[in-house]
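Q: Just dropping this structure here.
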Protein chains: 2
Amino acid sequence: MNIQSYPSKLLENAVEEFSKLPGIGRRSALRMVLHLLRMNSEEVKMFTKSIDDLKENVKFCKVCNNISDSDICEICSSKRRDTFTVCVVENIKDVMVIENTHQFNGLYHVLGGVINPMEGIGPSDLSIDKLMERVKSGQINEIIMALSPTTEGDTTNFYIYKKLKEFNINVTTLARGVAFGDELEYTDEITLGRAIVNRVKFDDAPSK
Amino acid sequence: MNIQSYPSKLLENAVEEFSKLPGIGRRSALRMVLHLLRMNSEEVKMFTKSIDDLKENVKFCKVCNNISDSDICEICSSKRRDTFTVCVVENIKDVMVIENTHQFNGLYHVLGGVINPMEGIGPSDLSIDKLMERVKSGQINEIIMALSPTTEGDTTNFYIYKKLKEFNINVTTLARGVAFGDELEYTDEITLGRAIVNRVKFDDAPSK
């Protein structure tokens, strides 16, 4: 359906606004807006209030930049976390993804993106200086670089790695290899090649 | 990704609210909310304002129930429309879809649903009485029933058809047949059967 004429300017505005969201075309925007129109006024107020509340009151952790309801996020202020290990990620979502693995008990550092000259994002646009300050404080033994395995991710990895060289600190990166449940014949050559080169003894291989 | 722990209650609330919308799971809800978080405050205000404005100020046409910015919608108040023909549809979206065909120049009547005993929707929940009043006013020659070809749609068709019998009025329904671009082998038997029974002379067939 190619929507050309809206029966109401108010409807058109709301559809326009929804279709600015990622992955939302005019068609799904219209579906969502018509759904909101059918909901009762209180429910709709709860919907818009949740967005306004988030936008107005959300904070970013002063230590790691993660989203938080207070000045220091729950992870950074926890007494049960290993404060000597810091995992560097691109964004908030990556923190959530890693937390859900329940395999990491250290702290995080959210960069806010990766170096991307094509989109005009340089090192100064990211919270790299803040990371260096954390390292300088001398409490960190290991930095885990957990950026996406893309050209931009690798560039950012390398940039930060170089900056960290002056400190006596371990810099590690996520293991690359065949993903759990993937069939070998559909694994790309680079990944498969690295998985062969970096093969592990059978005993060391995680059983799950 | 199975999202179990949110770094912020405000974020969780907003994600919950978005995932109430049709076709939106937790994952896309999170993606949209994080996008809103990256947008500047003014843009987000425009977004929530467009919803509040719609909900508070939208009107429903007093004649046909279509969504409108005024008491009588643009279609009903237009002087260029054929006021003797009324097309009965289920909802606002159907009006938009038919308008986009540019093949209909009459008026509409939005029922607000179809009779659906399973969901507790009876004739009195729909604007059927209002339709009858329009017919009684004596200005209408033809009623086109354009409901979905489902059991509920057919039930509603039949109910309205019976009520219209006392008036001297043509009641028509949308033609059923093979859809443009459909392959015959994938057309269901009922549709194909009807298309054969109701076959048209080659000259009469629409060329497009």
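FYI, it's all coordinate maths here, none of it is from the lab. Quick caveat, the model's predicted, so the values are computed rather than measured. FYI the Cβ positions are ideal-geometry reconstructions off the backbone, even for glycines, and counts take in every protein chain you see.
Q: Along the charge dipole of the protein assembly as shown, Cβ charges K/R +1 and D/E -1, which of B:Tyr186, A:Ile92, A:Ile72 sits furthest on the positive end?
A: A:Ile72
Q: Taking chain A as the reference, fit the longest principal axis to its C-alpha atoms, fit the long axis of helix A:41-57 to the helix C-alpha atoms, and give the angle between the two in degrees, 0 to 90, nearest 10.
A: Value to nearest ten degrees: 40.
Q: If amide H atoms are built 1.01 Å from N in the plane of the peptide, which residues on other chains or at least 5 residues away come under 5 Å of the amide H of A:Ile144?
A: It is A:Val86, A:Cys87, A:Val88, A:Thr172, by chain and number.
Q: For chain B, what is the convex hull volume of its Cα atoms per residue in Å³?
A: Taking the convex hull of the Cα positions in chain B, it is 222 Å³ per residue.
Q: Continuing with the same structure: Rounded if a/c is under 1.5, else prolate if a/b beats b/c, else oblate: with a ≥ b ≥ c from the C-alpha gyration tensor eigenvalues square-rooted, which is segment A:78-174?
A: Judged from the Cα gyration tensor, segment A:78-174 comes out oblate (a/c at least 1.5, b/c at or above a/b).
Q: Each residue of segment B:182-197 in turn: what ³J(HN,Hα) in whole Hz from Karplus with 6.51, -1.76, 1.60 and θ = phi - 60°, glycine and Pro shown as x?
A: Here the 3J(HN,Hα) series is 6, 8, 4, 5, 9, 7, 5, 4, 5, 4, 5, x, 5, 5, 6, 4 Hz.
Q: Right, next: Compute the label-point distances linking B:Leu192 to its equivalents in the other copies; points lie 7 Å from Cα along Cα→Cβ; give nm, one decimal, shortest first.
A: For B:Leu192, the inter-copy label distances come out at 4.2 nm.
Q: Which of the residue pairs A:Lys59/B:Lys20; A:Lys20/A:Lys45; A:Lys130/A:Lys201; B:Lys55/B:Lys163; B:Lys49/B:Lys93 have a Cα-Cα distance greater than 31 Å in the structure shown?
A: Cα-Cα > 31 Å for A:Lys130/A:Lys201; B:Lys55/B:Lys163; rest within.
Q: Now for a different question. Long-range amide H contacts for B:Val58: which residues qualify at under 5 Å (H placed 1.01 Å from N, peptide plane, sequence gap of 5 or more or a different chain)?
A: The answer is none.
Q: Per-residue HN-Hα couplings for segment B:9-14, Karplus 6.51 cos²θ - 1.76 cosθ + 1.60 at θ = phi - 60°, whole Hz, x for Gly and Pro?
A: 5, 4, 5, 4, 4, 5
Q: Another question, then. Size of the dipole of segment A:131-208 about the Cα centre, Lys and Arg at +1 and Asp and Glu at -1 on the beta carbon, nothing else charged, in debye to 20?
A: 480 debye
Q: While we're on this one: So what is the 222 nm mean residue ellipticity for chain B from helices alone, if each DSSP H run of at least 4 adds -39500 (n - 2.57) and you divide by all residues, rounding to the nearest 500 deg cm²/dmol?
A: Taken over chain B, the calculation gives -12000 deg cm²/dmol.
Q: Indicate the gyration tensor shape class of segment B:24-135 (rounded, prolate or oblate), computed on the Cα atoms with a ≥ b ≥ c the square roots of the eigenvalues: a/c under 1.5 is rounded; otherwise a/b larger than b/c is prolate and the rest oblate.
A: Cα axes put segment B:24-135 in the prolate bin.
Q: Can you tell me what the convex hull of the Cα atoms of segment A:46-103 projects to on average, as an area in nm²?
A: That works out to 4.9 nm².
Q: OK, next. Can you name the residue in chain A whose Cβ lies closest to the A-to-B rotation axis, and give that gap in whole Å?
A: A:Thr48, 2
Q: When the Cα centres of segment A:121-166 and segment B:118-171 are compared, how far apart do they sit, in Å?
A: Centre-to-centre (Cα) distance: 68 Å.
Q: I need the fraction of alpha carbon pairs in the protein assembly as shown separated by more than 28 Å, rounded to a whole percent.
A: Within the protein assembly as shown, distances greater than 28 Å cover 64 percent of Cα pairs.
Q: For segment A:15-85 and segment B:38-71, what is the centre-to-centre distance using only Cα atoms, to the nearest Å?
A: So the separation of the two Cα centres works out to 21 Å.
Q: Now a separate question. How far, in degrees from 0 to 90, does helix A:92-101 lean away from the longest principal axis of the Cα atoms of chain A, to the nearest 10?
A: 60 degrees
Q: Another question about this same structure. Determine the dipole magnitude for the protein assembly as shown: charges of +1 sit on the beta-carbon of Lys and Arg, -1 on that of Asp and Glu, nothing else is charged, the reference point is the Cα centre, and the result goes in debye to the nearest 20.
A: Dipole of the protein assembly as shown, to the nearest 20 debye: 500 debye.
Q: Taking the 0 to 90 degree range and rounding to the nearest ten, how far is the long axis of helix B:151-164 tilted relative to the main principal axis of chain B, both from C-alpha atoms?
A: 50 degrees
Q: Going by how many other Cβ atoms sit within 10 Å of their own, how do A:Ile51, A:Ile169 line up, fewest first?
A: Placing the least packed residue first, the sequence is A:Ile169, A:Ile51.
Q: Now, a different point. Quick query: amide H of B:Val63 versus all other amide H atoms, modeled in the peptide plane; which residues come in under 5 Å with a sequence gap of 5 or more or a different chain?
A: Residues meeting the amide H criterion: B:Cys73.
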